[in-house]
Each structure stands twice: as structure tokens, then as C-alpha cells.
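**Q** Pasting a structure here, questions to come.
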Amino acid sequence: MCAGILRDWLIRGETANDVDTLVDDVQKKKEKIKTVLESHGLKCVEEKAKGAAHTLCFKFQEHKLEMDLVDPKTQPKTPPGVDCDVGNFAFDKGGLKMKVDNSKLVSLSKAIKHCQSKKFVFYRQLPSASEERRLTKYMRDRGWTCKSPIPDEIVQKLQLPSELLKPKAKYTKPWWTY
């Protein structure tokens, strides 16, 4: 598991939208996942493409669960490999860790602290339509505080809430070059 479910459910105790799962063979793993979950009462009611992911939609009683399966080997590598510190969580047999383990990025303990207080460090270079959507989602849609400097023209263009802009000098780095 990685990213959103860990940020929202595990660390913040909130409802997560979906389960993001990195797999090495999407077609093979999706059949195995469907079989295992259906044996526990979760029925796959839909399969669809969602961006780079193959999404399985399950229903259990009155609840819906989406599982996004992505093969990281098929995805373009955009440095540093994640969009922000609170999107850099992964969980495997060894427990909670960083999805991209790079000592130049924000540490796991600091990212957890940011997540608990609804703050984040944005790693991507602006302007870019996909990066602007990500920034808007965190700030306008979710009300998270950005600890990275955001250019004034981007703030105005995206109508980002100024009270959620709290840049810190230590987060003024070219993260996208790491």
C-alpha cells in the first residue's frame, strides 16, 4: 500500500478514498486480489482505468472500496518520484516507510508530523497542469497548509487560500532535481 490511504486513514484516522497498491504484474495480481477479497465477501462490481491505475471497485454490504493497481516499472520517472512529503508513505511487510527513500527529501518522522497537522512540502516544479491540479487538491479541496514557496502568479491563477501558504526557508529547494 502507498500514499493516500496511509496519509488519510493510518496517520490521520480519516476515511480514505481508495487503496493505492504497487504491483509487478497488474493483470496477474488483479485476478489474485479479486479471488482473495471475494472469498471474504467483497464482490468486484467494476473494473476501470483511472489514470495510470487499473481500478478494481469492490462492494461489501453497503460500502464501496476502490483499489488502484499500478506497476511502477511502467510509469515515467518524474524526479523526485513523489509529489510531496505526505504522499511519500508506503507500507509493506517491514511496516511504514518512505515510498521514495532519498535522504535529500523530508524524513519519515517529519512527514508524519506534517501529515498529523495537515501540512505538506510540495516537491514538484511549477507551472505544470498536473502539478497545479495536485496543489489545488491539497490546498483548496482539502484545506492543507503548504510549507513550500509557491510563485505568486500560481497562487493567483489557482486562487489558493493565502492563509494556507506558510513557506519555510528550509523547504525552498529544487526538489524536482533529486
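The values are calculated or read from the model by the stated rules, or taken from the named source; none is laboratory data. Remember, predicted model here, so these are calculated numbers, not experimental data. Here Cβ is always computed from backbone atoms with ideal geometry, including for glycine, and neighbour counts include all displayed protein chains. What goes into the accessible areas is simple: the full protein's heavy atoms, side chains included, and nothing from ligands, DNA or RNA. Shrake-Rupley method; radii C 1.70, N 1.55, O 1.52, S 1.80 Å.
**Q** Calculate the spin-label point distance for Lys166 paired with Arg140, positioning each point 7 Å from the Cα along the beta-carbon direction, and give it in nanometres.
**A** For the pair Arg140/Lys166, the computed spacing is 2.2 nm.
**Q** Stretched out fully, how many nm does the piece from Lys104 to Gln27 gain, at 0.36 nm a residue minus the Cα gap?
**A** 24.3 nm
**Q** Around Lys119, which amide H atoms from residues at least 5 apart in sequence, or from another chain, sit under 5 Å from its own amide H, with H modelled in the peptide plane?
**A** Thr145
**Q** Please list the three semi-axes, largest first and in whole Å, of the ellipsoid equivalent to segment 1-103, using sqrt of 5 times the eigenvalues of its alpha carbon gyration tensor.
**A** So the three semi-axes of segment 1-103 are 24, 17, 12 Å.
**Q** Follow-up. Take the Cα pairs of segment 10-167, get the Kirkwood Rh, then feed it into Stokes-Einstein at 10 °C and 1.306 mPa s and tell me D in µm²/s.
**A** This corresponds to a translational diffusion coefficient of 91 µm²/s.
**Q** Rounded to the nearest 500, what is the chain's calculated 222 nm mean residue ellipticity when only DSSP H runs of at least 4 contribute -39500 (n - 2.57) each, over all residues?
**A** Using -39500 (n - 2.57) per qualifying helix, the result is -6000 deg cm²/dmol.
**Q** Further question: Report, in cubic angstrom per residue, the convex hull volume of the C-alpha atoms of segment 81-143.
**A** So the per-residue hull volume is 90 Å³.
**Q** As a test of reading the structure, rank Arg134, Arg124, Arg140, Arg7 by solvent-accessible area (1.4 Å probe, protein chains only), most first.
**A** The ordering from most to least exposed comes out as Arg140, Arg134, Arg124, Arg7.
**Q** Ok, one more. Can you tell me how much longer the chain between Phe60 and Trp176 gets when fully stretched, taken as 0.36 nm per residue apart minus their C-alpha distance, in nm with one decimal?
**A** Residue separation times 0.36 nm, minus the Cα-Cα distance, leaves 37.7 nm.
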